[in-house]
Amino acid sequence: MKEIRHIVNSFKEFLAPRHCEACNTYTQKSRQHLEFLCDECMSSLKAPPKEDVLMKRLLLHFSQDDLSISRFFSLMAVEHSSPMLNLIYSLKYRGMARIGYELGNELGKTMLHLHYLDFEVILPIPIHSARTRERGYNQATEICRGISEKVEIPILTNAIKRIRYTRTQTQMNARERKENVSGVFGPDYNSSSIHGKKILLVDDVLTTGSTLNSCATSLLDLGARQVNVATLAVAE
Ligand SMILES: [Zn+2]
């Protein structure tokens, strides 16, 4: 049933005129930037906090010793009521993988522009294999494809995998989140390729960063030299 929904949604992506995935309005006008985002929504994109502010924010949830992320980059900030959350929702739950690829492209363009290119491989944060089966794709891999095309740095897959299914973390406090994500990631058959590498780890949204930090810790344990992170959005 989910596969059928996925096919139907993919087919709907080809239909025009398009509606804006963020604010849901239809328009006949051609879009200046992205096909699935109207120009009004595009121009209302909110810049993410600066990198030092983001790093300080991560330190609210981890001690300096527990923090495995060296640098952080994002495309936009999204507030609780932001229509942009609809975009992320469509990417994750409505089969619209292309949103990940195109926003990944935007992210890659911005990284090029700001010379944020201090990494040798791009790695999608893994989702559990049951979720990949259900969704048909890992949204982080789609974002990686978009970034990789712009910055011309390769994607590395199967270096790490999610070995435990995690409960949704929205109602948890910081300590519960930390416990919920410990031991979640483990080596995959391609793990030796990350040895000595500077990695860009990619996810859709930053909330507390507990899952990303847990994955970064596992990557360092597996021999990575440094882990930087990029996300499409930072939740505010
Ligand atoms: Zn819109």
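Read the figures in this text as sums done on the coordinates, not as results from a lab. Computed from a prediction, not measured in an experiment: that's the story for all the values here. Counting neighbours? That spans all protein chains shown, and the Cβs are built from the backbone with ideal geometry, glycine included.
Data overview
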quantity	calculated
Karplus 3J(HN,Hα) series, Hz, for the range 88-99 with 6.51 cos²θ - 1.76 cosθ + 1.60 (x for Gly, Pro)	5, 4, 5, 5, 8, 10, 10, x, 8, 4, 4, 4
Cα gyration tensor category, rounded, prolate or oblate, for the range 42-182 with a/c compared to 1.5	rounded
Under 5 Å, built H, 5+ apart or other chain: amide partners of residue 160	188
Residue-span extension gain [residue 190 to residue 133] - 0.36 nm each, minus C-alpha spacing	18.5 nm
Extended-chain gain in nm, criterion 0.36 nm per residue less alpha-carbon gap, residue 163 and residue 85	25.3 nm
Coordinate range along principal axes, alpha carbons of the range 90-137, Å, largest first	37, 20, 9
Other-chain or far-sequence residues with amide H under 5 Å of residue 23's (modelled H)	38
Computed label-point distance, nm, for sites residue 47 and residue 93 using a 7 Å Cα→Cβ extension	3.2 nm
Dipole axis of the range 62-170 (+1 Lys, Arg; -1 Asp, Glu on Cβ), positive-most option in 130, 160, 84	130
Amide proton proximity set for residue 206, modelled H, under 5 Å, gap of 5+	233, 234, 235
